[in-house]
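Q: One structure, as structure tokens, below. Some questions next.
What follows draws every value from the coordinates through simple rules; no lab data is involved. Please read all numbers here as calculations on a predicted model, not as lab measurements. All Cβ positions, glycine included, derive from the backbone under ideal geometry; neighbour counts span all protein chains shown.
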Amino acid sequence: MKKPVRIAVTGAAGAISSSLLFRVAAGEMFGTDQPVILQLIEMPQAMEQLRGLAMELEDCALPLLHTIRIFDNPEAGFKNAHYAILIGARPRTAGMERIDLLTANAEIFERQGKALSANAARDVKVLVVGNPANTNALIASRNAPDLSPTQFTALTRLDHNRTKGIVANHLGVNAEEVRKVIIWGNHSSTQYPDLHQSKIFGEALVGPQLDDKFYQENLIPRIQNRGSEIINARGHSSAASAAQAIIDHMRDWSMGTAENELVSMAIVSDGSYGVEKGIFYSFPVRCRYGRYQIVTGLEINEFSKKMMKATEAELLEEKASVNHLLPKETEQSHYKLRICLRSGKFLAADGLLDSGDPVLETSRLL
Ligand code: NAD
Ligand code: LMR
């Protein structure tokens, strides 16, 4: 039997976590041979609710659930965590855009970035879910000087899965057949769901199977606004589908993407596809051996270029509005990504790059 891994989850008593935690404890995220220690973090006023949820987890008698611990602060809750899923934040309600949450939620991620840097395992993998997820990931990462920016990611897998599900339903095929979908940019209504690389049964999707006009004028806005459509219908933002996307994201990151497939993850930009370095932008990636790598060399048409720029512009605006939460000391590490020679530490942060010694360098993300 493997050694248990420590999974810290913030917002643990909330709607998404209530769908997520039982499935993680049942082995759906890291496999049915991987015991888990759950380190559940909530606001002090929600601790009683969290205690109730912990009791329910205990009552499932799940064999992989090694330990449950509950915390009212991130510093203790992140101690030695191998995985950190940052869900705790205010959700939007009808009529709001996700960017409207920036003021309410940004400071949460400043404190959590610092707490991760000081307390988590050196190779912790972090997924930011709380909205606006990309910019919250940037805040957390910039406040974690002793971790690599490549250890932080934000969730766009929900948009990726939505695209596959909606297209599959439209064409009457199994969702698994809709491959190589890409979400570029922000988890917001400017995101660009790109189907130009997608194929079904070996045939291109846009053009032969999906009319260009329908794709651009109907499908793209539908996916961009799916979050609002759900809030309007059920009075609360998506929870079960977000939990599914979190499981998919963490499973693929740690155990690898399926053969002949790519997935979308918001990660720190290394400048690929001309995207400004240092922002958290959703790219097509493949994961192997616990690391992700951007899929490069894809042909990008003029329509795609325009869409990718628009969502980048929004992320740059969001970044400017939280500039006061982005410490200068971590600016360099976010613009010059270097291979990570030892876990959690960067060559740039080690000062090795200035020593004049020959060092192994690469511009690829880990
Ligand atoms: P919820 O209100 O049901 O639960 C949020 C929980 O977080 C609450 O229990 C609250 O007490 C807790 N919390 C708030 N601040 C915290 C902090 N500083 N530390 C620890 N816990 C804290 O909301 P939800 O439906 O679970 O959604 C959570 C967040 O996820 C929202 O911001 C929502 O917009 C976002 N979301 C993102 C995606 C995505 O794809 N990226 C998808 C769905 C929802
Ligand atoms: C979603 O995409 O469903 C979430 O980000 C919640 C929201 O505010 O739309």
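Q: Only sites in a loop by DSSP and with at most 16 other Cβ atoms within 10 Å count here; which trypsin sites (Lys or Arg not before Pro) in region 72-127 make the cut?
A: Answer by residue number: R122.
Q: Each residue of region 136-147 in turn: what ³J(HN,Hα) in whole Hz from Karplus with 6.51, -1.76, 1.60 and θ = phi - 60°, glycine and Pro shown as x?
A: The phi angles translate into 5, 5, 4, 4, 4, 5, 5, 9, 10, x, 9, 10 Hz.
Q: A further question follows. Percent relative contact order of the chain, based on C-alpha pairs within less than 8 angstrom and at least six residues apart?
A: 16 percent.
Q: Each residue of region 323-332 in turn: what ³J(HN,Hα) in whole Hz from Karplus with 6.51, -1.76, 1.60 and θ = phi - 60°, glycine and Pro shown as x?
A: Going residue by residue, I get 3, 5, 9, 10, x, 4, 4, 9, 5, 4 Hz, with x marking Gly and Pro.
Q: For R23 and A310 in one chain, what is 0.36 nm times their gap in residues minus the Cα-Cα distance, to one decimal in nm?
A: 99.7 nm
Q: Shifting gears a bit: If I stretch the segment between A258 and L171 completely, what's the gain in nm (0.36 nm per residue apart, minus their alpha carbon distance), one decimal?
A: The span from A258 to L171 would gain 29.1 nm if fully extended.
Q: So how far apart, in nm, are the two label points at N73 and D100 if each is 7 Å from Cα heading toward Cβ?
A: Modelled inter-label distance: 3.4 nm.
Q: Hey, can you grab everything whose amide H is under 5 Å from the amide H of G256? Only 5+ residues off in sequence or another chain; H modelled, so Pro and N-termini drop out.
A: The answer is G290.
Q: Gain in length, M55 to Q332, computed as 0.36 nm per residue apart minus the alpha-carbon separation, to one decimal in nm?
A: Result for the pair: 95.2 nm of gain on full extension.
Q: Another question about this same structure. What is the spin-label model distance, in nm, from S321 to R251 if the labels are put 7 Å beyond Cα along the C-beta direction?
A: 3.5 nm
Q: What whole number of Å gives the distance from the Cα centroid of region 203-242 to the Cα centroid of region 84-141?
A: Their Cα centres are 25 Å away from one another.
Q: If we count every other residue with Cβ under 13 angstrom of G235's Cβ, Lys/Arg +1 and Asp/Glu -1, where does the sum land?
A: Taking every Cβ under 13 Å from that of G235, the sum is +1.
Q: Turning to a different aspect of this structure: With springs connecting C-alpha atoms under 10 Å apart, model the chain as a Gaussian network and identify which of L171, L38, L20 has the largest mean-square fluctuation.
A: L171
Q: I would also like to ask the following. Using θ = phi - 60° and the Karplus relation 6.51 cos²θ - 1.76 cosθ + 1.60, list the HN-Hα couplings for region 186-202 in order, rounded to whole Hz, with x at every Gly or Pro.
A: 8, 7, 7, 6, 9, 3, 10, x, 9, 10, 5, 9, 7, 9, 10, 6, x
Q: Taking the chain as a Gaussian network, where each spring joins two C-alpha atoms under 10 Å apart, which residue of L147, L138, L325 fluctuates the most?
A: Largest GNM mean-square fluctuation: L325.
Q: If you don't mind, another one. Anything over 25 Å Cα to Cα? Flag those among K79/K319; K164/K305; K180/K305; K125/K328; K213/K277, in the order listed.
A: Going by Cα-Cα distance, K79/K319; K213/K277 fall outside the 25 Å limit.
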